[in-house]
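These notes concern the structure reproduced below.
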Amino acid sequence: MKQVNRRNFLKSTVAAGLGSSILTPDLLGGKQPLENNTPALAPPAQTAAPKKVIVAGAGIAGLCCAYELMKRGHEVTVLEASPRHGGHVLTVRDGLSDGLYADFGAENITQPGYELFWNYAKQFNIPVLPYPKREKILRRINGQFYSEEMLADPVVLKKFNLNAREIKFLTQNEWPELPLLYTKPYLSKFKDEYQPFGVGYDHLDNTPISEIYRKEGASKAGLEFMGGQETSALFELWRQAILQLRGLPLFPKKVFRLQNGNQSLPNAFAKQLGERVKLNCPILKINHHAQGVTVRYQEFNQEKEIKADYLANCIPLPAFSKIPVEPALLPEKQYVVDHIAYDSYARFVFQASSKFWQKDNLSINMELNHPNIDAIWQVAEEVDTHRVALMGMGPGGTTPQQALAAFREVYPGKQDTIEQVLVKDWPREQFAFTCERLNFPMGSLKKLWPHVLTPNGRIHFAGAYADNLNWGMEAATRSANRVAQEIDQA
C-alpha cells in the first residue's frame, strides 16, 4: 500500500471555516445560481474617532479588512506589491476558449462553514453555483481506481486488510471520514473552538495522531491510509472538534463557488475601495512605536513614506519576514513569523474538445495520486460550449508536458481529447508564492497559539494563516474582520 498518497488523503479531509451557527440556504437544483438566504450582517457603526490605517497586501484578507475599516469610517490605504489585487484568489480566462475560465487559486466554499463569505456574496449580488467536484469521486489506490460504491463494499474493503470495525464504518461513511472512527470519543471535551488547551489533552501535542489511531485499535492498513505520523494529536483533535462544533464533516462533499470565478469577491472589495488600493507598491521598511507606524514603500522606482495610526499586515508571513521591522517584533511574534510553514503547488488546466470521459462511462472527479498530478475535476461547467476545462494540481515546477503525460499515464479510459494545458506555478510567484498554512509541528502549539492572532503593538495580523484553522477564503475574511474590529475598538 505504499503508493497511497497519505499527505493527499489527509489534506483532502482538512475542512474548516468559522461560524457557530448553521445557516443553510435554499439550494436550487442543477447549475442555476443559488439563492443565498443567509441572514445579512448588520452594517457596523461609524466610528466617532477615525483612525488612519495602512493595510499591507491586497489579497482577499487585505481587501476585506480595508473594506470593513472603510465602512466604519476609518482612513485606509492598501499597499500591494504586485500589479494585481486578489493574491491567491485568481480567476484566469486568458488562453482558454469559448468563455471557459478557471480558478487557479482558492476555488471552493462550503455551507455551513463560510458564513462570512456567503454574506459578502449576498451584499455584492454575486451568484453562487453548486460545484460538483466531489461527487462520484474515483480514487486511485495502489495503481487501481475505485468508485465510491466499491469503497463501501465489504468485499472490496477486505482486500485492503482493514479490520472489521473499519470495514463496517466505511460501508456507512465516506472514505475520508475514517479518522473519526477513532477520534470521535475525544472531541466532545472541546467546548471553545478558540481554546485547544485545558481540556485534558495538552500532553498530546508531543504525540502523533497516528498513535491515537493505533491505541484505539486501527489496523496497519488503516494507519497507512490515515497517516498522521508527523501531526500533533492535540492539534488534529482540536481541528476535528472545531468541525464537529460547526456541524461540518471532515470532507464536505457539497461545495460551491462564485459564478464567473471566485475573484469576483476581491474585485467587488477593490471596486468599493477605489483609489485607496495602490498596486505595484512593495513595502520596503516598517517602523512602529507607541503612537503609530511609518511605512516606506516604492512606487514607480521612487521611495515614499506614509504614516498611520495602525498597520494591518495581510501579507503572508514568508513575504512579510523579508521586510525590515524596527524595533524588532516581540519574541513570541517573531517565533510565529519564523515557524509558520506553508504548502505551495502548481495548478493545471486542461482544455478538451469534449467530455471524453463520458464515452468511457467514467466520472472525471478523480484522485489520481500520481507524483506529478494529485487530482482532476471539471471547472466552469455552466459555460455553454462543447469544450471543457479540467483543473488539476501537483508539485511546483511541474511543466505542462509533465502534467499531461502524468494524466495520460493513469487515466483509466481509452482516449482523451485534450487540446492544451495551462499551468500556474505558485512557488515561482514573487509575492503570492504561498498557498495553505500547514499544520503546526508537534510540540509547537503553545508557541504558536494564540500568538498567531495577537497584534504586536500597533501592527495587526490577518490572512488565512491567522485563524484557528487555515481554510482559505473564510479564514482570510474572518481574520480580516477580527483585525478591523480590533483596530476600530483600539
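Taking residue 298 as the residue in question, decide whether it is part of a strand (DSSP E or B) and modelled with pLDDT of 95 or more. It is true that residue 298 is part of a strand (DSSP E or B) and modelled with pLDDT of 95 or more. Filtering segment 433-453 to residues that are touching a helix residue (DSSP H, G or I) at 6+ places or on another chain (Cβ under 7 Å), assigned to a loop (DSSP other than H, G, I, E, B) and either modelled with pLDDT of 95 or more or among the hydrophobic types (A, V, I, L, M, F, W, C) (or both) leaves 433, 435, 440, 442, 443, 444, 451, 452.
Here's the yes/no breakdown for (1) surrounded by fewer than 14 Cβ atoms within 10 Å (Cβ to Cβ); (2) in the same structural domain as residue 116 (by TED's automatic domain parsing):
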position	(1), (2)
267	no, no
270	no, no
279	no, no
285	no, no
290	yes, no
308	no, no
334	no, no
349	no, yes
364	no, yes
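In summary, residue 236 fulfils each of the numbered conditions (1) assigned to a loop (DSSP other than H, G, I, E, B); (2) in contact with a Pro (Cβ under 9 Å, 6 or more places away or on another chain); (3) of a type in the set (D, E, K, R) with the single exception of condition (1).
Within segment 321-364, being touching an Asp or Glu at 6+ places or on another chain (Cβ under 9 Å) and not small (Gly, Ala, Ser) holds for 342, 343, 345, 347, 350, 351, 356, 357. Considering segment 117-184, the qualifying strands (runs of 3 or more DSSP E), each wholly inside and each with 1 or more residues that are among the basic types (Lys, Arg), in contact with an Asp or Glu (Cβ under 7 Å, 6 or more places away or on another chain) and not assigned by TED's automatic domain parsing to the domain that holds residue 471, run over 138-141. Yes or no: residue 209 of a type in the set (A, V, I, L, M) and farther than 30 Å from residue 89 by Cβ? So residue 209 fits the description; yes.
Residues are listed down the side, and each one gets a yes or a no for (1) touching a Pro at 6+ places or on another chain (Cβ under 7 Å); (2) within 20 Å of residue 424 (Cα to Cα):
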| residue | (1), (2) |
| --- | --- |
| 351 | no, yes |
| 354 | no, no |
| 362 | yes, no |
| 371 | no, yes |
| 374 | no, yes |
| 378 | no, yes |
| 388 | no, yes |
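Scanning segment 44-65 for residues that are assigned to a strand (DSSP E or B) and among the small types (Gly, Ala, Ser) yields 56, 59.
The single condition among (1) part of a loop (DSSP other than H, G, I, E, B); (2) acidic (Asp, Glu); (3) touching a residue at least 40 places away in the same chain (Cβ under 8 Å) that residue 68 does not meet is (1). Kindly indicate which of 486, 474, 409 is at pLDDT below 95 and not in a loop (DSSP other than H, G, I, E, B). Going through 486, 474, 409 in turn, the sole match is 474. Does segment 452-469 contain any residue that is under 30 Å from residue 83 (Cβ atoms), among the β-branched types (Val, Ile, Thr) and crowded, with 21+ Cβ neighbours inside 10 Å? Yes, segment 452-469 contains a residue that is under 30 Å from residue 83 (Cβ atoms), among the β-branched types (Val, Ile, Thr) and crowded, with 21+ Cβ neighbours inside 10 Å. Cβ separations smaller than 7 Å between residues 6+ apart or across chains give no pair from segment 111-139 residues that are free of Cβ contacts under 8 Å to residues at least 40 places away in the same chain to residues that are crowded, with 18+ Cβ neighbours inside 10 Å and of a type in the set (Ser, Thr, Tyr).
Which of the residues spanning segment 50-76 are surrounded by fewer than 24 Cβ atoms within 10 Å (Cβ to Cβ) and touching a Gly at 6+ places or on another chain (Cβ under 7 Å)? Once the filter is applied, which keeps residues that are surrounded by fewer than 24 Cβ atoms within 10 Å (Cβ to Cβ) and touching a Gly at 6+ places or on another chain (Cβ under 7 Å), segment 50-76 yields only 50.
Tallying residues that are over 27 Å from the mean Cα position of the chain (by Cα) and either outside any helix (DSSP H, G or I) or among the small types (Gly, Ala, Ser) (or both) within segment 198-215 yields 3. Do we find a residue being hydrophobic (A, V, I, L, M, F, W, C), assigned to a loop (DSSP other than H, G, I, E, B) and modelled with pLDDT under 95 anywhere in segment 251-267? Among the residues of segment 251-267, at least one is hydrophobic (A, V, I, L, M, F, W, C), assigned to a loop (DSSP other than H, G, I, E, B) and modelled with pLDDT under 95, which makes the answer yes.
All told, residue 120 meets the bar of being surrounded by 19 or more Cβ atoms within 10 Å (Cβ to Cβ) and aromatic (Phe, Trp, Tyr).
The values are calculated or read from the model by the stated rules, or taken from the named source; none is laboratory data. Note that the structure is a prediction, hence the values are computed from the model and not measured. Backbone-built Cβ (ideal geometry, glycine too); neighbour counts: all protein chains shown.
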